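Presented below is the structure to which this report refers.
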Amino acid sequence: MAGGGNNVARMSPRQRMINLMYIVLTAMLALNVSSDVLNGFSQVHDSISRTNKNIAERNAAQFRYLESLYQESPEKAGVWYEKGSKLRERSESVFNAIEQLKIDIAVATDGKGADYHNLKNLDDLEASSVTMLNPNTQRGKKLRETIDSYRAFIVEMIPDSAKRKAVSEMLSTTIAKTSGGPASWEQKMFENMPSVAAVTMLTKLQNDIHQAESEALASLVMNVDMDDVHMNEFGAYVIPESRTIIRGGKYSAQIVLAAVDTTQRPLVYVNGSRLTNPKGIFEFVPGAPGTHEYSGYIELPLSDGSMQKHPFSSSYTVIEPMATISPTMMNVLYAGIDNPISISVPGVPMTGVQASISGGTLTRNGDHWVARVTQVGTEATISVSAQLDGRTQNVGSMTFRVRKLPDPTAYIPIGDTHYKGSPKRIAKAALMSAPGLGAALDDGVLDINYTVVSFATVFTDQMGNLIPEISNGSHFSDRQREQFKRLKPGKSFFISNIKAKGPDGITRDISPMEVALN
């Protein structure tokens, strides 16, 4: 538990005295000396406890200072305050876990209601072993793992290598090899150890936790303060909202100097003229289309009164207003159905785009649009406008031809498949199980279902006569099913006079189909 040379050098005289007493008493304990030595441990424990209280108050003050820095400047101190909050939470968790172990050792020593500040059976050699080395609970091993995890966590917050090494050594659970064979850290700490010594060592461990927390908090506070005074690398940057501007729109870019202090803003010059915007925002309304370049410099006043220049250059591109309009299904609009349409304007969010259509309706569906037209043989024009810097501007239009939906194809539904007739064949059992006839347009572009209104089946008898049977709407009639039963394997029949109604409300005659049995 002892720290390295660098750590000792920074300790107060009181802390050095506590550590020296702790080492001397531990050595005397190994010689099995009198109860006076055990009482000495109690005195050391009380002294370390007072030191713990003082360090805890100091750490709380450091964190309050870090919190005040965060409240004054959240952007500057935010990341360090967040780390400090996690540090405080983690340190308190480890400290409280050790505190509970001290209470449990005291209870194992003197029974329920025991006080580890005033142990009666100081020389009890079983309590600490039972509490910490029980193979079922393994609390000693878990404590070692907790300390190891905390050490790895906290050293990452300490940039100074010497301080980081001192904290790492102070919280080290590595033990020196002895002639008695290998032993774990927890065995060295708690095996055959008098209760008062075990409690004192745990209190010393809490002291180490507080010391490490103090070092880390000091480093975090220093990081915030360093942001105020140290700027050893500078660079000029142009940050445009967009390098591509629609004609009539506004170009906006922020020109900044990296690591500049907000209390000492630099002077910005573009193409020889000084910017009047205090935040270094450069904006104007571009003119002719094409790519345009500009340059300038940033002047930073130094402490000696001189000015330091940092040049910069950038470019922007102006494009003509345009809109992208495309039907997602094909290059025409179909009457009587919803036609999905994609509409976008480069550089403009969807919320800033508006569109309308002649000869129909156009509605927005999320980031897409749906066009609906009714007059077959006419044309429909979609016009698009966009919000550009608070102004509504027309950005394009497109004309579509309005067509009638194509005729569908008839089919017999067989499970999840559609039987569309010869030359393919169908099993008689599958035909008998089918409910009737369907019709759909599924050519890979359109996927539209139609409602079959009526149809007729035509069979041939043994004399070669044609026997037509009328359906029951879209379903096979009983007479048609009777004909199915009489069909022989390999025979076929026709389905004709098929009438189907589409989503556009138009009922149309569609092509007949031949049904061939296996």
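Quick grid of which residues meet (1) polar (S, T, N, Q); (2) free of Cβ contacts under 8 Å to residues at least 24 places away in the same chain; (3) within 26 Å of Asp504 (Cα to Cα):
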| residue | (1), (2), (3) |
| --- | --- |
| Val384 | no, no, no |
| Thr399 | yes, yes, yes |
| Asp407 | no, no, yes |
| Ile414 | no, yes, no |
| Lys420 | no, no, yes |
- Query: Take the residues of region 105-134 that are crowded, with 18+ Cβ neighbours inside 10 Å and acidic (Asp, Glu): which is nearest to the chain's Cα centre (by Cα)?
  - Reply: Asp110
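Please enumerate the residues belonging to region 434-447 that are modelled with pLDDT of 90 or more and surrounded by 11 or more Cβ atoms within 10 Å (Cβ to Cβ). Break it down into steps so the answer makes sense when it comes.
Here is the first cut: in region 434-447, the ones modelled with pLDDT of 90 or more are 434-440.
Once the filter is applied, which keeps residues that are modelled with pLDDT of 90 or more and surrounded by 11 or more Cβ atoms within 10 Å (Cβ to Cβ), region 434-447 yields Ala434, Gly436, Leu437, Gly438, Ala439, Ala440.
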- State yes or no: is Ala176 modelled with pLDDT under 90 and either over 28 Å from Ala61 (Cβ atoms) or touching a strand residue (DSSP E or B) at 6+ places or on another chain (Cβ under 9 Å) (or both)? yes
- Which condition number in (1) surrounded by fewer than 14 Cβ atoms within 10 Å (Cβ to Cβ); (2) modelled with pLDDT of 75 or more is the one that Val24 fails? (2)
- Message: Looking at region 105-113, can you tell me whether even one residue there is basic (Lys, Arg) and either in contact with a Phe, Trp or Tyr (Cβ under 8 Å, 6 or more places away or on another chain) or under 15 Å from Leu217 (Cβ atoms) (or both)?
- Response: no
- How many of the residues making up region 462-510 are farther than 30 Å from Asn339 by Cβ and small (Gly, Ala, Ser)? 6
- Query: Only one of these conditions is not met by Ile498: (1) out of contact with any strand residue (DSSP E or B) (no Cβ under 9 Å at 6 or more places or on another chain); (2) in contact (Cβ under 8 Å) with a residue 40 or more places away in the chain. Which number is it?
  - Reply: (1)
- Residue selected from region 256-276 under the condition crowded, with 16+ Cβ neighbours inside 10 Å and modelled with pLDDT of 75 or more, by the criterion nearest to Thr317 (Cα to Cα): Val270
- Note on the structure: Residue pairs within 7 Å by beta carbon, gap of at least six or interchain, first lying in region 343-355 and touching a residue at least 12 places away in the same chain (Cβ under 8 Å), second among the aromatic types (Phe, Trp, Tyr), listed first then second, are Ile343/Trp369; Ala355/Trp369
- Query: Are any residues in region 88-104 more than 22 Å from Glu186 (Cα to Cα) and surrounded by 15 or more Cβ atoms within 10 Å (Cβ to Cβ), and if so, which ones?
  - Reply: Arg88
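For region 460-512, list the strands (runs of 3 or more DSSP E) that sit wholly inside it and hold at least 3 residues that are of a type in the set (Asp, Glu) and within 18 Å of Gly436 (Cβ to Cβ); which are they?
In region 460-512, no matching strands (runs of 3 or more DSSP E) lie anywhere.
What strands (runs of 3 or more DSSP E), lying completely within region 277-373, carry at least 3 residues that are at pLDDT 85 or above and not aliphatic (A, V, I, L, M)? Before the answer, list the steps.
Details: elements: 281-284, 290-301, 307-319, 324-327, 339-344, 353-357, 360-365, 368-373.
The qualifying strands (runs of 3 or more DSSP E) are 290-301, 307-319, 339-344, 360-365, 368-373.
The values are calculated or read from the model by the stated rules, or taken from the named source; none is laboratory data. Keep in mind the model is a prediction, meaning the values are calculated, not measured. For neighbour counting, all protein chains shown are included, and Cβ atoms are generated from backbone atoms with ideal geometry for every residue, glycine included.
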